[in-house]
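As structure tokens, the structure follows; a few thoughts come after it.
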Ligand SMILES: Nc1ncnc2c1ncn2[C@@H]1O[C@H](COP(=O)(O)OP(=O)(O)OP(=O)(O)O)[C@@H](O)[C@H]1O
Ligand SMILES: [Mg+2]
């Protein structure tokens with residue numbers, strides 16, 4: 001009879017053995033613990049027993065002892081097949097109980113089968129004799145208990161470890177889900193802000209435009225001048241807010257310029273002093289070595305302004321703001337010690353204040369969009385998330401150290417570019433508005449914008465024709481072709497979009513200059529494939545001075561075109577003036 005009794009408390013283990021044995025001509029009976037196995041063996045004695053050790057109800061050792069104590073069962077070959085924390089002592093105990101083999105899991109199926117066959121044939125040929133001396137109860141029991149206790153202890157430790165790992169995994173999963181939710185939220189906010197930015201920028205262009213024109217025609221001692229300045233300053237703030245929203249949503253195209261970091265910081269020094277006020281002193285300690293980075297200077301400026309604003313708010317009764325730069329090498333050791341970073345050479349901008357500081361709970365959340373501890377109306381909670389967005393775009397890192405009452409230190413790491421830092425012009429220059437006599441075709445579906453562009457360009461001395469949509473633009477161009485030097489048009493237009501209209505206009509006059517302007521962030525325009533290479537793109541809202549300079553430069557063929565490998569072509573208009581209204 002080739003009937004094997006398999007005893008194991010784990011169903012998968014029983015199943016595996018069953019499949020192996022049945023597939024090789026054995027009959028199999030299984031049991032989940034010693035007591036069940038004993039009952040089964042007594043009912044129908046098997047040819048061989050394969051048993052686990054640690055099992056509920058009755059463990060393998062007890063089961064083996066019971067078999068050896070039973071006259072009908074003691075001659076059945078008994079194999080222990082176990083994986084749980086096996087030591088020499090366990091094996092010794094098993095053999096002393098009369099077991100024939102002690103096999104450690106997992107075994108190659110072929111080897112296990114060979115062992116089973118060998119044991120059976122040893123019995124059949126009489127090479128092996130069943131052990132019939134049942135060892136004295138007392139002696140075995142002590143040993144048995146010790147071994148089992150030891151095994152259980154180890155199993156408990158193992159379970160606890162598995163539990164800890166599981167908890168860690170659940171935590172990681174929760175974190176990933178939270179990140180995903182956060183990313184989806186950011187994406188939704190991004191789409192929303194890009195949408196409103198379009199309309200918002202059109203309105204701002206009109207406010208800037210008419211305001212600036214009024215200012216141009218006003219004498220310097222006009223009593224209305226102050227009020228107009230206030231209007232334009234508010235428009236500038238609104239422009240910055242739109243810009244911040246776009247940076248935050250990462251829908252703003254990144255200008256990649258080679259920058260001299262210290263120079264860029266010096267450029268905003270005055271602005272920072274204005275932000276923090278007189279009660280806070282600003283200590284600058286810039287590195288002696290010039291540091292070259294590839295970044296968007298506007299973004300660097302934005303980060304410093306946001307950090308200075310936070311520092312000011314943290315020091316209501318005055319204090320000290322320190323701003324420093326340095327170069328560090330991030331290596332594996334640094335990453336291990338600080339828990340962040342990617343190896344490489346980095347410029348570090350450190351911004352420290354002597355303000356109220358933050359507790360651990362606040363620190364954990366400061367980069368979340370809309371997280372603020374400021375009272376309603378005082379903070380939107382976007383400042384640091386904007387910084388975070390900028391740093392991500394620049395492949396940098398940010399790290400914060402703060403304790404309640406101990407001030408705060410923010411360190412920003414940006415990759416250093418090899419080579420010399422370019423000279424930075426530290427004084428934003430203001431220049432006279434360039435004028436001209438050429439003829440420009442203005443195409444925009446927004447009446448307010450069209451009227452403003454027409455009026456403004458006329459005041460600068462240009463001749464202006466205008467059209468409301470793509471189709472009208474083509475008609476006007478066809479009629480006035482000989483006279484028009486530049487087409488200034490919106491990208492998204494009714495009837496025929498800007499790009500199609502431009503293509504038809506070019507088919508009439510191939511070297512005509514086309515300057516697009518759009519309230520959509522330019523990557524959206526690129527993404528929708530609206531622009532062709534060779535066409536130039538401006539972002540609304542342009543201040544009148546920017547517009548005048550760009551139009552002049554386009555007419556003179558002096559616009560700077562930057563091309564980024566792998567990202568399509570990006571056109572950047574380098575404006576040689578500060579961002580202020582005339
Ligand atoms: N230097 C600092 N000292 C103490 N707390 C700070 C500092 N910087 C930031 N915080 C804390 O982080 C929070 C988030 O800052 P964040 O700049 O993102 O938003 P905000 O300043 O509250 O609002 P917003 O910048 O949009 O006007 C702040 O409300 C404040 O609690
Ligand atoms: Mg802030």
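The values are calculated or read from the model by the stated rules, or taken from the named source; none is laboratory data. Everything numeric in this text was worked out from a predicted model, so none of it was measured. Every residue, glycine among them, receives a Cβ derived from its backbone with ideal geometry; neighbour counts consider all protein chains shown.
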Next item on the list: Output the residues belonging to segment 358-370 that are surrounded by fewer than 21 Cβ atoms within 10 Å (Cβ to Cβ), within 16 Å of ligand 2 (Cβ to nearest atom) and in contact (Cβ under 8 Å) with a residue 12 or more places away in the chain.
Entry: 363, 367, 368, 369, 370
Item checked: Failed item, numbered, when residue 91 is tested on (1) within 25 Å of residue 158 (Cα to Cα); (2) touching a helix residue (DSSP H, G or I) at 6+ places or on another chain (Cβ under 9 Å) -> (2)
Notebook entry, point to check: Has segment 291-300 got any residue that is at pLDDT 95 or above and closer than 22 Å to residue 382 by Cα?
Noted result: no
Note to self: Can you tell me how many residues within segment 457-506 are assigned to a helix (DSSP H, G or I) and either more than 45 Å from the chain's Cα centre (by Cα) or under 17 Å from residue 552 (Cβ atoms) (or both)?
What the structure shows: 11
Check: Residues in segment 230-253: is at least one on the phi > 0 side of the Ramachandran plot and either in a loop (DSSP other than H, G, I, E, B) or in the same structural domain as residue 395 (by TED's automatic domain parsing) (or both)?
Finding: yes
Next item on the list: Considering each residue of segment 302-321, count those that are more than 14 Å from residue 411 (Cα to Cα) and more than 10 Å from ligand 2 (Cβ to nearest atom), and give that number.
Entry: 7
Margin query: Just the residues that are part of a helix (DSSP H, G or I) and free of Cβ contacts under 8 Å to residues at least 60 places away in the same chain, please, taken from segment 90-117.
Written below: 91, 92, 93, 94, 95, 96, 110, 111, 114, 115, 117
Checklist line | Hits in segment 66-86 - residues which are in contact (Cβ under 8 Å) with a residue 24 or more places away in the chain and either within 28 Å of residue 159 (Cα to Cα) or in contact with a strand residue (DSSP E or B) (Cβ under 7 Å, 6 or more places away or on another chain) (or both) | finding: 67, 76, 77, 78, 79, 80, 81, 82, 84, 85
Note to self: Yes or no: segment 56-65 includes at least one residue that is in contact with a strand residue (DSSP E or B) (Cβ under 7 Å, 6 or more places away or on another chain), within 17 Å of residue 152 (Cα to Cα) and outside any helix (DSSP H, G or I).
What the structure shows: no
Next item on the list: Please verify whether segment 379-394 includes one or more residues that are more than 14 Å from ligand 2 (Cβ to nearest atom), buried (at least 20 other Cβ atoms within 10 Å of the Cβ), assigned to a loop (DSSP other than H, G, I, E, B) and touching a residue at least 40 places away in the same chain (Cβ under 8 Å).
Entry: yes
Notebook entry, point to check: When you look at residue 355, is it over 21 Å from the mean Cα position of the chain (by Cα) and surrounded by 17 or more Cβ atoms within 10 Å (Cβ to Cβ), yes or no?
Noted result: yes
Check: With respect to residue 215, is the statement that it is within 26 Å of residue 389 (Cα to Cα) and either touching a residue at least 40 places away in the same chain (Cβ under 8 Å) or not in a loop (DSSP other than H, G, I, E, B) (or both) true?
Finding: no
